[in-house]
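The values are calculated or read from the model by the stated rules, or taken from the named source; none is laboratory data. Here the structure is a predicted model, which is why all the values come from computation and not from measurement. Neighbour counts run over all protein chains shown; Cβ positions are idealised from the backbone, glycine included.
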Amino acid sequence: MVDSTVRTRVLIVGAGPVGMAAAIELGHRGIPCLLIERNDRVGYAPRAKTTNVRTREHFRRWGIADALKAASPLGVDYPSNVVFCTRLSGQELTRFENALYCAPGRNPFYSEHSQWIPQYTVEEVMRSHIQSLPNVEMRFNTQLQKISQDEQGVQAEAVDLPSGKAYVIHADYLIGADGARSLVREAIGAKLEGTYGLARHYNIVFRAPGLAQAHKLGPAIMYWQVNGDAPSLIGPMDRGDKWFFMPTSVKEDYKLDLADAPALIRQATGIDLPYEILSSDEWVASRFLSNSYRDRRVFLAGDACHLHPPFGGYGMNMGVADGVDLGWKLAAVLKGWGGRQLLDSYEQERRPVHALVLDEAVANHSVLSHQLWTDGLDANDATGAALRKDVGARIQTSKMREFNTLGVMLGYHYEHSPVIVPDGSPEPGHDFVNYIPSSRPGHLAPHAWMHDGSSLYDHFGQYFTLLASKNAPSEAIDEAQRQAKALGVSLKVIQPQEAGIAELYPMLLTLIRPDQHIAWRGNAWPSATQGLMQQVSGCR
C-alpha cells in the first residue's frame, strides 16, 4: 500500500560520490532533485582513497575544495609516496614520489592537486555541501522497489526501511548511481558485459599504534610488500593509527578468518605489534561495461555501468565525472535550452572514456606484489642486492602508468560527440603519462594561472563561456551573445590578457562548456544559419 507521493525533477538512486556529484550539479543550477539511499552511508571500508586532480577541480567549481583539504586526516602535506619493499621491516626496492600528483603547490596543468583521503570523508564533505543547497533533498534508509516510465516522466516506488512506509516518487528523469548491483540497471534491462573474476582480494582495516614508527621506509600512502609469505599492499588510511591491508595473492578457495588476520599482517610486515581488526570485506576484480547506459528517461552512472580493478585510482573519480556530465545536461534540458541530442551525448561521450580507463586499470592490475617476487629477493648479500636492483627497475617500468597518469586524468576527450563541433585538426594519440593541453574541440580546456593569482577556470561561467582573444573582433562577440540569448543559453565572455593564455588558445574564439571541455573554436563566429549554438546545446 502506498502511503504518500513525492514530486521532484530528478530522482537519484544512490547517495555515494556519483549520485552526490549529480545532485550538486543540479542543485547549483536550481533544479530540484531527490537522492535516496538504502544505507545510512556510515562506512569504514577503504574504498577509494585518491581524489584526483580532475575531481578536485570540480570541487573547486562547487566551492568546497578547501573544505576537502581541511578534512584530510593525514594532512595535505603528507608525502604521497608509494614505496615498494620486501616488507615494512625489510628492504626497499624502489619508490614513486608524489604519486598521483597529491603534492600541494601550483602546477601549470591543473588548478587543484590530488588528495589522499578516504572516500567516506569525501562523502561527508559532499553531503555537508548538499545540505546547504535548498533544491536538493537526501533520504537515507530508503529502498527503491521498482520503476516505470512514460512520455511524461518516471514513477518510482520506494520504502522507508525504518518505518516500512511505501511511497511513489514522480520525477522527470532518474539517475541510477546505485553501484555494481544496481537495481536501476536491472529495471531497464541493461547488462554488464566483460570479464568477471580477474582476481579475489580482501580489504582489511585495522588499528596499529606505533606502526608508522616501527619501520625505516619513511612516510608513504602505500607500501607494496613483495615477499613470498604474504605479498600485499598496506598503508595509512585515517587518524587514530588506522591502516588498510590488502593481500594480493588470494587463492580461489581461501576464506579469511578475521581471527587469523593479525598473524597475516605480522607475517607480511615482519613487525610484531598488537593489530586490532576493525573490518574486512572481500571483493573480486572484474572488467565490465554496461551494454546500455540509458532507457529513455532513466540513466546509469558510476559503478552501475562500469566496473574495473581499483588500481590507478580511477573508479570514484570517473563516477564523479559521470555525475557532472549528466547533471549539467539534465539541467539544460529541464531549463528549456538543452535538446534531445544533449542527453544522447552522455553515453556517446562517457563510454569511450570508460573503455579507455578500464583498459588502464586492468593493465595496472596485471602486475601485483606476488608477481614481482623472486627467490632470494630479500637476501642480505650481493645476489640479493642485484635482484632488488633488477626488480626495482622492472617496477619503475611496469608501474609508472599507475602512479604517473596525468595523461589519463586530464587527457581524455569527447572526440565524436554530437554536441562537439570538430575543426578538422588531427586526433592526437593517447599517452597515459604525458598530458599535452589542447584547445581542440572535445578536449579539456587548457588550464592557466592568471596574474592576480586566480585560476583561469575561476573565470568560466556556470554554463557556456566564450574565451576571446584580445584581438577578437567585437562584432563576432556581439553575434555570439545575440545567438545565445535567442536560444536562452547563458554565455559568459572573457578576454584574458595574459600572453601565456593566448599560446594555449591560438584561435580568436573558443567556446567552453559547463564541464570545462571545448565545444568549438574558430577565428570567426558562424552565422545563425549554421546553427553552432543549436548544435552544442543539442537542439539539432
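Just to be sure before I move on: is LEU133 assigned to a loop (DSSP other than H, G, I, E, B) and modelled with pLDDT of 95 or more in the structure I sent? Don't jump to the end; show me each part of the working.
Working: assigned to a loop (DSSP other than H, G, I, E, B): yes; modelled with pLDDT of 95 or more: yes.
When the stated conditions are applied, LEU133 passes them.
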request  = Kindly check whether there is at least one residue in the range 72-84 that is out of contact with any His (no Cβ under 9 Å at 6 or more places or on another chain), surrounded by 20 or more Cβ atoms within 10 Å (Cβ to Cβ), β-branched (Val, Ile, Thr) and not assigned by TED's automatic domain parsing to the domain that holds VAL122.
outcome  = yes
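Where in the range 10-116 are there strands (runs of 3 or more DSSP E), lying wholly inside it, with at least 3 residues that are under 27 Å from LYS242 (Cβ atoms)?
On the way: elements: 10-13, 33-36, 82-85, 92-96.
Strands (runs of 3 or more DSSP E) meeting the threshold: 82-85, 92-96.
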Hey, any hits in the range 507-526 for a residue that's assigned to a helix (DSSP H, G or I), at negative phi, more than 30 Å from the chain's Cα centre (by Cα) and touching a residue at least 40 places away in the same chain (Cβ under 8 Å)?
-> no
Those residues of the range 49-73 that are over 19 Å from ALA22 (Cβ atoms) and basic (Lys, Arg) come to a total of 2
Next on the checklist: When you scan the range 295-311, do you find a residue that is at negative phi, surrounded by fewer than 24 Cβ atoms within 10 Å (Cβ to Cβ) and more than 19 Å from the chain's Cα centre (by Cα), even just one?
Outcome noted: yes
Over the range 445-492, the set of residues free of Cβ contacts under 8 Å to residues at least 40 places away in the same chain and at positive phi is GLY453
If you go through VAL168, VAL122, the only one that is more than 30 Å from LYS69 (Cα to Cα) and either of a type in the set (Val, Ile, Thr) or assigned to a strand (DSSP E or B) (or both) is VAL168
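So how many residues does the range 263-304 have that are touching an Asp or Glu at 6+ places or on another chain (Cβ under 8 Å) and farther than 30 Å from LEU11 by Cα? Break it down stepwise before answering.
Initially, the range 263-304 is screened for residues touching an Asp or Glu at 6+ places or on another chain (Cβ under 8 Å), giving 266-268, 288-294, 297, 301-302, 304.
Now restrict to residues that are farther than 30 Å from LEU11 by Cα: 266-268.
Total satisfying the criteria: 3.
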Verdict on SER290 being of a type in the set (S, T, N, Q) and buried (at least 18 other Cβ atoms within 10 Å of the Cβ): yes
The residue from GLY218, GLY179, GLY189 that alone is at pLDDT 95 or above, part of a loop (DSSP other than H, G, I, E, B) and assigned by TED's automatic domain parsing to the domain that holds ASP359 is GLY189
Residues of the range 232-250 being on the phi < 0 side of the Ramachandran plot, assigned to a loop (DSSP other than H, G, I, E, B) and surrounded by 15 or more Cβ atoms within 10 Å (Cβ to Cβ), in sequence order, are THR248, SER249, VAL250
The condition from (1) modelled with pLDDT of 95 or more; (2) buried (at least 16 other Cβ atoms within 10 Å of the Cβ) that PHE432 misses is numbered (1)
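Identify, please: which residue in the range 467-511 is of a type in the set (Val, Ile, Thr) and touching a Ser or Thr at 6+ places or on another chain (Cβ under 7 Å) and is, among those, surrounded by the fewest Cβ atoms within 10 Å (Cβ to Cβ)? Talk me through it step by step, then tell me what you get.
Residues of the range 467-511 that are of a type in the set (Val, Ile, Thr), as a first pass: 477, 489, 493-494, 501, 510.
Okay, now just the ones that are also touching a Ser or Thr at 6+ places or on another chain (Cβ under 7 Å), so 489, 494, 510.
On the way: VAL489: 20, ILE494: 14, THR510: 24.
Among residues in the range 467-511 that are of a type in the set (Val, Ile, Thr) and touching a Ser or Thr at 6+ places or on another chain (Cβ under 7 Å), the one surrounded by the fewest Cβ atoms within 10 Å (Cβ to Cβ) is ILE494.
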In the set ASP253, ASP272, ASP229, the lone residue that is part of a loop (DSSP other than H, G, I, E, B) and modelled with pLDDT of 95 or more is ASP272
Checked GLY407, GLY429 against criteria (in contact with an Asp or Glu (Cβ under 8 Å, 6 or more places away or on another chain) and of a type outside the set (A, V, I, L, M)); the one match is GLY407
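Can you tell me which residue within the range 275-300, out of those that are assigned to a strand (DSSP E or B) and of a type in the set (Lys, Arg), is modelled with the highest pLDDT? Reasoning before the result, please.
Applying the first criterion (assigned to a strand (DSSP E or B)) to the range 275-300 yields 276-290, 294-295, 298-300.
Adding the requirement that they be of a type in the set (Lys, Arg) leaves 287, 294.
Working: ARG287: 91, ARG294: 97.
The selected residue is ARG294.
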From the option list ARG106, ARG9, ARG61, single residue qualifying as surrounded by fewer than 24 Cβ atoms within 10 Å (Cβ to Cβ), of a type outside the set (Ser, Thr, Tyr) and within 20 Å of VAL184 (Cβ to Cβ) is ARG9
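Could you look through the range 46-60, keep only residues that are at negative phi, in contact with a Pro (Cβ under 8 Å, 6 or more places away or on another chain) and not aliphatic (A, V, I, L, M), and pick out the one that is modelled with the lowest pLDDT? Steps first, please.
From the range 46-60, those at negative phi are 46, 48-60; that's our starting set.
If we keep only those that are in contact with a Pro (Cβ under 8 Å, 6 or more places away or on another chain) too, we end up with 46, 48-49.
Remaining after also requiring not aliphatic (A, V, I, L, M): 46, 49.
On the way: PRO46: 61, LYS49: 90.
Per the stated criteria, the residue is PRO46.
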